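See structure below.
The values are calculated or read from the model by the stated rules, or taken from the named source; none is laboratory data. Note that this is a predicted model, so its numbers are computed, not measured. Because the Cβ atoms are built from the backbone with ideal geometry, glycine has one as well, and the counts that use them run over all protein chains shown. Remember, those area values only see protein heavy atoms, side chains included, never the ligands or the DNA or RNA. Shrake-Rupley method; radii C 1.70, N 1.55, O 1.52, S 1.80 Å.
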Amino acid sequence: RRRTHEVAGNWKLVMDAFNEGYHIQRLHADTIAPFFVEAGSVDDMLGPHQRSALGRVDPAGDAPEDDLDAMCRGMTFAYQLFPNANLIASPDYLNLLVCQPVSHAHTRVEDFMLIPAPPADDRARGHWARSFELIDGGVFAAEDFHAVALQQQGLASGAIAHVELGGLESKLRAFADRVDAFVGDAAVPDPGARA
């Protein structure tokens with residue numbers, strides 16, 4: 001499946017949603033939080049790209065340490081493909097989100113859900129349709145993109161002179177620094193843009 005979202009927020013705010021995992025237990029309390037443990041992510045850099053591993057509630061139980069399949073079932077991997085895409089590898093499907101800046105306060109996001117094989121029957125089609133609606137409609141659209149729009153409104157109000165980042169948000173600053181370094185002298189500041 002594929003869906004296009006028009007998000008009332010800056011593209012970097014959309015990308016930031018995938019730069020920390022602590023919001024899952026709060027923002028996604030009614031959707032995917034029960035599938036994840038309350039913990040930070042483990043991250044590493046691959047050039048300008050980033051890989052994060054988030055722990056899931058362990059479906060493998062006491063699987064041996066060298067059981068790669070069990071480890072993959074117990075983790076969700078998120079790959080930030082610099083500068084504007086996120087690939088989320090859940091245990092049984094992938095979501096590719098591509099952010100396309102339209103203006104400083106508007107982003108078009110294409111969400112592609114990729115499954116391992118075409119659905120074999122109506123039961124499988126129903127399973128994948130429910131999965132897509134949970135993730136794309138429930139998590140991304142109703143929760144993440146809604147939060148981005150609220151952040152954009154707060155920044156655009158002018159009431160916030162600066163944003164203080166906490167220790168769990170260091171990847172947000174690192175991402176902003178990579179964008180600034182990539183854009184370099186080509187950046188032309190928009191005096192009306194706050195994000």
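For the range 106-134, give me each residue that is of a type in the set (A, V, I, L, M, F, W, C) and in contact with a strand residue (DSSP E or B) (Cβ under 6 Å, 6 or more places away or on another chain).
VAL109, PHE112, MET113, LEU114, PHE132
Quick one: which strands (runs of 3 or more DSSP E) lie wholly within the range 73-156 and hold at least 2 residues that are among the charged types (D, E, K, R) and either at pLDDT 95 or above or surrounded by fewer than 15 Cβ atoms within 10 Å (Cβ to Cβ) (or both)?
In the range 73-156, the matching strands (runs of 3 or more DSSP E) lie at 106-114.
Which of the residues belonging to the range 15-32 are polar (S, T, N, Q) and open to solvent by less than 20 Å² (accessible area, probe 1.4 Å)?
ASN19
When only residues in the range 54-71 that are surrounded by fewer than 17 Cβ atoms within 10 Å (Cβ to Cβ) and of a type in the set (A, V, I, L, M, F, W, C) count, which is modelled with the lowest pLDDT?
ALA60
GLU169 - would you say it is among the acidic types (Asp, Glu), open to solvent by less than 70 Å² (accessible area, probe 1.4 Å) and under 20 Å from PHE18 (Cα atoms)?
The answer is yes for GLU169.
Only one of ALA29, ALA53, ALA33, ALA17 is without any contact (Cβ under 8 Å) to a residue 40 or more places away in the chain and closer than 15 Å to ILE88 by Cβ; which?
So the residue among ALA29, ALA53, ALA33, ALA17 that is without any contact (Cβ under 8 Å) to a residue 40 or more places away in the chain and closer than 15 Å to ILE88 by Cβ is ALA53.
If I filter the range 177-187 for residues that are outside any helix (DSSP H, G or I) and open to solvent by 40 Å² or more (accessible area, probe 1.4 Å), do I get at least one hit?
Looking for residues that are outside any helix (DSSP H, G or I) and open to solvent by 40 Å² or more (accessible area, probe 1.4 Å), one finds at least one in the range 177-187, hence yes.
Among the residues in the range 54-61, are any part of a helix (DSSP H, G or I) and among the basic types (Lys, Arg)?
Looking through the range 54-61, none of the residues is part of a helix (DSSP H, G or I) and among the basic types (Lys, Arg).
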